[in-house]
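Below: one structure, written as structure tokens.
The values are calculated or read from the model by the stated rules, or taken from the named source; none is laboratory data. This structure is a prediction, so every number in the text was calculated from the model and none was measured. Positions of Cβ are generated from backbone atoms using ideal geometry, with glycine treated the same way; all protein chains shown enter the neighbour counts.
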Amino acid sequence: MSGLIDLLTNWQGVLQMAGPIIAILLILIGGIMFGLAQVQPAESRGKWNAWALSFLVGGFIVGAIVASAASLEKIAEGLLS
């Protein structure tokens with residue numbers, strides 16, 4: 001059982017370091033795609049805008065989860081005990 005706890009603790013550390021980077025990359029890619037959408041023909045501009053919005057929203061969601069990770073951990077710990 002302690003091996004599983006060590007594994008989860010290691011994954012938590014990796015995700016806490018990589019989470020902000022992933023959020024920033026998603027937001028940047030969304031902004032770039034939104035800019036590229038403006039030079040596309042009208043028939044495909046909507047598809048590009050939808051992808052851009054998806055990346056932007058995904059970046060904000062990942063950022064919110066990373067920012068509230070400590071609170072989520074305390075809540076989960078309280079539920080498990």
Set Phe55, Phe34: member being within 15 Å of the chain's Cα centre (by Cα) and more than 22 Å from Thr9 (Cβ to Cβ)
Phe55
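Condition check ((1) of a type in the set (Gly, Ala, Ser); (2) surrounded by 13 or more Cβ atoms within 10 Å (Cβ to Cβ); (3) touching a Lys or Arg at 6+ places or on another chain (Cβ under 7 Å); (4) under 15 Å from Val66 (Cα atoms)) across all residues:
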site	(1), (2), (3), (4)
Ile5	no, no, no, no
Gly13	yes, no, no, yes
Met17	no, no, no, yes
Ile22	no, yes, no, yes
Met33	no, yes, no, no
Glu43	no, no, no, no
Trp48	no, yes, no, no
Ala52	yes, yes, no, no
Can you say whether Gly59 is touching a residue at least 12 places away in the same chain (Cβ under 8 Å) and in contact with a Ser or Thr (Cβ under 8 Å, 6 or more places away or on another chain), as far as the supplied structure shows?
no
Can you name every residue in the stretch 40-74 that is among the aliphatic types (A, V, I, L, M) and at pLDDT below 85?
Ala69, Ala70, Leu72
Matching residues, the stretch 23-50, being of a type in the set (Gly, Ala, Ser) and free of Cβ contacts under 8 Å to residues at least 24 places away in the same chain
Gly35, Ala37, Ala42, Ser44, Gly46, Ala50
Failed item, numbered, when Leu80 is tested on (1) loosely packed, with under 14 Cβ neighbours inside 10 Å; (2) in contact (Cβ under 8 Å) with a residue 40 or more places away in the chain
(2)
